[in-house]
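The values are calculated or read from the model by the stated rules, or taken from the named source; none is laboratory data. Predicted model, so just to flag it, every value in this text is computed and none were measured. As a convention, Cβ positions derive from the backbone with ideal geometry for all residues, glycine included, and neighbour counts pool all protein chains shown. Heavy atoms of the whole protein, side chains included, go into the accessibility calculation; ligands, DNA and RNA do not. Shrake-Rupley method; radii C 1.70, N 1.55, O 1.52, S 1.80 Å.
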Amino acid sequence: MVKRYLVLGSCRVVNTIAYGVGDKIILNKKDLWFTHYIQEHIQKIKHLFGHSSIPSEHKELFVRYEQQNHYGAHSTLRVGDSVNSGTVGLNNSCHFGTLNVVVELPTIRYIKVPVEGRILWGHMTNLDLIRNSPFNHVGGYSTDEEFLELLNEFEQVVIDSILSSAVGEAVNFIYVPHNPFIELKEGGWGISDQRVHISDLIRCHCAKNVRVTRIPVTRCMLYIRNMIEENGGVESMLKDQNHYSLQGRKVAFKYLDALAQ
């Protein structure tokens with residue numbers, strides 16, 4: 001059976017899978033805009049499944065359309081077609097089997113944007129636009145308890161969306177933390193305590209029992225540090241502390257695809 005993906009995150013997940021997916025299926029290949037934190041992932045899921053749309057008149061606060069420049073050689077990949085058209089078109093040529101929801105969790109930082117009686121969640125690279133908008137945004141950081149509870153909420157939103165739209169018979173959550181390696185001012189590489197801590201929180205979440213639902217649910221996690229150290233280290237796998245090298249991206253896809261069902 002062909003593997004099926006729904007991808008959420010930055011270029012480290014979204015482009016890694018989109019460039020390497022081949023004849024596999026990406027449900028949201030016309031809506032690949034990057035999202036970085038859990039509230040933003042939940043917001044995107046609700047939009048993709050028609051529960052709560054991102055307002056097109058303020059779309060630049062929530063979608064980074066410059067991302068389309070990544071896909072010059074990939075004409076089928078789009079950034080935010082549904083936000084522009086108002087019509088969501090998931091690529092769901094097959095309703096059977098497991099939906100692999102690959103979600104990157106690199107940060108606990110958030111940007112809350114109240115818009116006309118609604119709470120929306122801003123895109124981090126659009127912060128200047130958000131600051132210059134008429135909306136009084138609030139930035140902050142989720143506590144450990146909030147982060148773990150938001151993960152539960154995220155999973156429930158995904159499961160409810162799958163059940164209501166019948167886009168899969170099971171769901172496999174593949175969680176991806178940030179790579180722990182950071183470039184030091186004095187040169188060389190170090191380890192980010194914050195990135196490691198978020199990774200530990202994800203590991204704790206994945207170890208918990210899955211709630212009983214009407215469809216089978218599984219969880220797993222990509223161990224980024226192990227992957228990098230097993231494949232030539234940072235010099236081979238990373239372009240910089242936030243991006244894979246070409247080799248790194250190819251390796252990351254193989255690891256993610258191995259976790260998919």
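A few comments on the model shown:
- Virtual spin-label span in nm between Arg118 and His51, 7 Å along Cα→Cβ: 1.4 nm
- Counting only heavy atoms of the protein chains and using a 1.4 Å probe, Lys30 has close to 90 Å² of accessible surface.
- Every helix of 4 or more DSSP H residues in the chain counts as -39500 (n - 2.57), and over all residues that averages to -10000 deg cm²/dmol at 222 nm.
- Fully extended contour minus Cα-Cα distance, from Ser133 to Ser85, at 0.36 nm per residue: 15.0 nm
- Total charge dipole magnitude, the chain, about the Cα centre, Cβ charges on Lys, Arg, Asp, Glu only, Debye to nearest 20: 560 debye
- Spacing of the modelled spin labels on Ile191 and Ala170, each 7 Å from Cα toward Cβ, amounts to 3.4 nm.
- Ordered from largest to smallest accessible area (heavy atoms of protein chains, 1.4 Å probe), the residues Tyr65, Tyr223 come out as Tyr223, Tyr65.
- Measuring nothing but how far apart in sequence close Cα pairs (under 8 Å, 6+ apart) lie, relative to its length, region 1-59 scores a relative contact order of 32 percent.
- Unit charges on C-beta of K, R, D, E only; dipole of region 76-161, Debye: 420 debye
- Of all accessible heavy-atom area on the chain, the percent that carbon and sulfur account for (1.4 Å): 50 percent
- The chain: DSSP helices with Cα axial extent of at least 24 Å and average Kyte-Doolittle hydropathy no lower than -1.0: 144-165
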